[in-house]
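Chemist: Have a look at this one.
Every read-out reported here was derived from the displayed coordinates using simple, explicitly stated rules and does not represent laboratory data. These numbers were taken from a predicted model, which means no experiment stands behind them. Note: ideal-geometry Cβ built from the backbone for every residue, glycine included; neighbour counts use all protein chains shown.
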Amino acid sequence: MKMSLGTHFILLISLIFSSFSYAEKLVVSYAGFSFSGNYIDKDVGIRFTENILEKSSGSLNVISKSLLDEIQKSSPKHFDLSFDYADLDEGNAKAIVMAVTLDNEYYFREFEPLTKTYINNVQMFFQIMFYNFNTKRLIASIPYDVTMPFLTKEEISEQQITDEIEKFYTVGLKSADDGVVINAFTQVRKILNDYQLKDKYKFRIGVRSITVEDKAKAHIPEIFLKNPSAFENILAQSFAGRLAAHNDVALVPYTEGMAIGGAMKQQFVNSDTIYDIALPQPEYVIDLTLRGYKKKLAKTSAVENLFWWASFINVRISQPDLNKVYLDEKLKNLLKKKIPAQITEIDDWYKFYMSTIQLFDRFGQNVSNPNGAWTKKASKNKELFSNLKGLDPLLRKLR
């Protein structure tokens, strides 16, 4: 039987669409929990988690087990997960490895004199990293951080902090918003479910530099003044995590002290080997400046005082090879809080820090969907709204 030219054409189109329909998903091999950063300094940046791991017994430590349990509950729509643990020394060049890495953890507290209560917070900075199995070259990195709050009536010890963090890893905490139990890795499951992983990315973005000016240093705790790189990493990770979360983009990790596009060291908890993960050179870079902090008594009465804790930053997004600037804006944020009049000693740093995190979050929300009310509060520049709208083509390239 002879087929007409039209029939041949329809058959050809059907075969093409059929091949697209049955295109195989990327297969990602789960590699486990690891530490990452320029230098593996467990005694400083991740000492609480390291203490938990040191007392763990069995083939799978409690943190790795918690992570594995959470990831096994995930249902990625855009790639397949394999739980045959990857052998990083004997890989397949086509395979993709995924690891969840801990970069940093930061404990801070504030004393509430009226209730005689300590407000404790632990902030933990993670990255979900996808990289080539054989070449150890990064494909994509999704930063995220979690905050673990808890109250105590007494100032607590390092061991008590460690115990609380272990509970967060394993048992979890009830969310104040909806009562749902969350742990350090709950967000990983949500990210994996919807993340559209590619084996190659044409365009990338990353934080290139962090600058802390003198007006900010005047309010920063001594622990960070003595170790500025730790604070710069916290700023970079906080900013990048919120930008990624609100805009569905992967970022090249910030590597303090190295040229962007260099390498990041990674060590898995079940291995003594330290791997160098090659980082790609991003086409677009972010230069973040912490310009300063300012406290203001906005309103006073015999009962209470209203204070403002203001944070000021500058965000610059550019394309170095073309010497093109997409955004260069000075932004501010006010954290407002009423304090009983009888309280005279206030922990200003906690308020300044939360004001900064809040500013990062609101910037991330407004990058792809600017809100006129926010842009008017955040900047004196009347063009901020239209400048943010102008980032749409760039964001589309990064997704």
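Chemist: Can you list the residues, at least 5 places off or on another chain, whose amide H is less than 5 Å from the amide H of HIS219, using H built in the peptide plane?
Modeler: Result for HIS219 returns nothing.
Chemist: Moving on. Out of ASN183, ILE63, ILE357, whose Cα points farthest toward the positive end of the dipole of the chain (charges: +1 Lys, Arg; -1 Asp, Glu; placed on Cβ)?
Modeler: The Cα lying farthest towards the positive end belongs to ILE357.
Chemist: Could you tell me how many degrees, from 0 to 90 and to the nearest 10, lie between the Cα long axis of helix 228-247 and the main elongation axis, the longest principal axis, of the Cα atoms of the chain?
Modeler: 60 degrees
Chemist: Here's another thing I want to ask about it. Given N residues in the range 350-391, what is its alpha carbon radius of gyration divided by 2.2 N^0.38 Å? Kindly include the intermediate steps, with their values, before the conclusion.
Modeler: Numbers: Rg = 10.9 Å, N = 42, 2.2 N^0.38 = 9.1 Å.
The range 350-391 yields a ratio of 1.19.
Chemist: Which one, ALA302, VAL249, ASN314, projects farthest toward the positive side of the charge dipole computed for the range 248-314 from Cβ point charges (K/R +1, D/E -1)?
Modeler: Farthest towards the positive end: ALA302.
Chemist: Name the residues whose placed amide hydrogens come within less than 5 Å of the amide hydrogen of GLU304, ignoring near sequence neighbours (fewer than 5 apart) on the same chain.
Modeler: Hits under the 5 Å cutoff: ALA341.
Chemist: In Å and on Cα atoms, what radius of gyration and Dmax does the range 224-366 show?
Modeler: That works out to 19.0, 62 Å for Rg and Dmax.
Chemist: Further question: Where does the charge balance sit around LYS198 when Lys and Arg score +1, Asp and Glu -1, over other residues with C-beta under 13 Å from its C-beta? Walk me through the intermediate numbers first.
Modeler: Working: positive: LYS25, LYS200, LYS202, ARG204, LYS397, ARG399; negative: ASP199, ASP248.
Summing Lys and Arg as +1 and Asp and Glu as -1 gives +4.
Chemist: Can I ask one more? Of HIS219, HIS78, how do they rank once you tally other Cβ atoms within 10 Å and put the fewest first?
Modeler: Going from sparsest to densest Cβ surroundings: HIS78, HIS219.
Chemist: On to the next question. Under 19 Å from the Cα of LYS324, which lysines turn up, not counting those fewer than eight places away in the same chain?
Modeler: Within the straight-line limit of under 19 Å, LYS324 reaches these lysines: LYS202, LYS389, LYS397.
Chemist: Seen from all sides and averaged, what is the projected area of the convex hull of the Cα atoms in the chain, in nm²?
Modeler: Spelled out: convex hull of the Cα atoms, projected over all directions, averaged, 26.0 nm².
Chemist: With +1 assigned to the C-beta of every Lys and Arg and -1 to the C-beta of every Asp and Glu, and no other charges, what is the dipole magnitude of the chain about the Cα centre in debye, to the nearest 20? All intermediate terms of the calculation are to be shown ahead of the outcome.
Modeler: On the way: 50 positive and 47 negative charges, 420 e Å.
Roughly 2020 debye for the chain.
Chemist: Kindly write out, for the range 137-148 in residue order, the coupling ³J(HN,Hα) from the Karplus curve 6.51 cos²θ - 1.76 cosθ + 1.60 (θ = phi - 60°), rounded to whole Hz, with x marking Gly and Pro.
Modeler: 9, 4, 9, 7, 9, 10, x, 8, 9, 10, 10, 10
Chemist: How large is the direction-averaged shadow of the alpha-carbon convex hull of the range 129-259, in nm²? Before the final figure, lay out the partial values.
Modeler: On the way: hull surface 46.6 nm².
So the mean shadow area of the Cα hull is 11.6 nm².
Chemist: I need two numbers for the range 262-310: Rg to one decimal and Dmax as a whole number, Cα atoms only, in Å.
Modeler: Radius of gyration, then largest Cα-Cα span, for the range 262-310: 23.2, 62 Å.
Chemist: What number, in nm² with one decimal, is the all-direction average of the projected area of the convex hull of the alpha-carbon atoms of the range 61-199? Can you show the working numbers first?
Modeler: Details: hull surface 39.6 nm².
That works out to 9.9 nm².
Chemist: Related question: So for the range 185-305, what percent of the C-alpha to C-alpha distances run longer than 20 Å? Spell out each step's value before the answer.
Modeler: On the way: 4319 of 7260 pairs.
Result: 59 percent of Cα pairs exceed 20 Å.
Chemist: Ok, one more. How far is helix 5-21 tilted, in degrees, relative to the longest principal axis of the Cα atoms in the chain, given as a value from 0 to 90 rounded to the nearest 10?
Modeler: Compared with the principal axis, the helix lies near 40 degrees.
Chemist: Let me ask something else. Give the order of LEU388, LEU306 when sorted by the count of other beta carbons within 10 angstrom, beginning with the fewest.
Modeler: Details: LEU388 20, LEU306 14.
Ascending number of Cβ neighbours within 10 Å: LEU306, LEU388.
Chemist: Based solely on its DSSP helices, what 222 nm [θ] is calculated for the chain when runs of n ≥ 4 H residues each add -39,500 (n - 2.57) and the sum is averaged over all residues, nearest 500 deg cm²/dmol?
Modeler: On the way: 12 runs with 129 residues, N = 399.
The helix contribution divided over the chain gives -9500 deg cm²/dmol.
Chemist: Ok, one more. Run the quick spin-label model on THR117 and LYS380: label points 7 Å from Cα toward the beta carbon, then report their separation in nm to one decimal.
Modeler: Here the answer is 4.0 nm between the modelled labels.
Chemist: For ARG189, ARG204, which order do you get if you count the other beta carbons within 10 Å of each Cβ and list the fewest first? Kindly include the intermediate steps, with their values, before the conclusion.
Modeler: Details: ARG189 17, ARG204 22.
Sorted ascending by nearby Cβ count, the order is ARG189, ARG204.
Chemist: Quick one: 3J(HN,Hα) in Hz for the range 108-117, Karplus 6.51/-1.76/1.60 with θ = phi - 60°, rounded, Gly and Pro as x.
Modeler: 8, 9, 9, 9, 9, x, 5, 9, 6, 10
Chemist: Then there's this: Quick one: angle between helix 62-72 and the longest Cα principal axis of the chain, in degrees between 0 and 90, rounded to 10, please.
Modeler: Tilt of helix 62-72: around 50 degrees.
Chemist: LYS338 to LYS153: FRET efficiency via 1/(1 + (r/R0)^6), r the Cβ-Cβ distance, R0 25 Å, to the nearest 0.05?
Modeler: Values: r = 23 Å, r/R0 = 0.92.
Efficiency, from the Cβ-Cβ distance: 0.65.
Chemist: Taking 7 Å along the Cα-to-C-beta vector as the label spot, tell me the ASP347-ASP199 distance in nanometres, rounded to one decimal.
Modeler: 5.0 nm
Chemist: Residues with amide H under 5 Å of ILE277's amide H, sequence separation 5 or more or different chain, H placed in the peptide plane at 1.01 Å from N; which?
Modeler: Placed amide hydrogens put MET264, LYS265, GLN266 under 5 Å from ILE277.
Chemist: OK, next. What pairs in LYS153/LYS294; LYS167/LYS215; LYS215/LYS336; LYS77/LYS377 have C-alpha atoms more than 27 Å from each other?
Modeler: Where the Cα-Cα span goes over 27 Å, the pairs concerned are LYS153/LYS294; LYS167/LYS215; LYS77/LYS377.
Chemist: Also: Across bins of 10 angstrom width beginning at 0, how are the C-alpha pair distances of the range 152-199 distributed, in whole percent?
Modeler: Per 10 Å bin, starting at 0, the Cα pair percentages come out as 22, 36, 27, 12, 3, 0.
Chemist: Which listed residue (TYR118, GLY32, VAL212) has the Cα farthest towards the positive end of the charge dipole for the chain, taking +1 on Lys and Arg C-beta and -1 on Asp and Glu C-beta about the Cα centre?
Modeler: It is VAL212, whose Cα lies furthest towards the positive end.
Chemist: Given 0.36 nm per residue, what is the gain on full extension from LYS25 to ALA298 after removing their alpha carbon distance, in nm? Present the calculation step by step, with values, prior to reporting the outcome.
Modeler: Values: separation 273, 0.36 × 273 = 98.28 nm, distance 5.65 nm.
Full extension of this stretch gives 92.6 nm more.
Chemist: How large is Rg over Rh for the range 299-361, taking Rg from the Cα atoms and Rh as the Kirkwood inverse mean of 1/r across Cα pairs? Mind showing how you got there, number by number?
Modeler: Details: Rg = 17.2 Å, Rh = 13.9 Å.
That ratio is 1.24, to two decimals.
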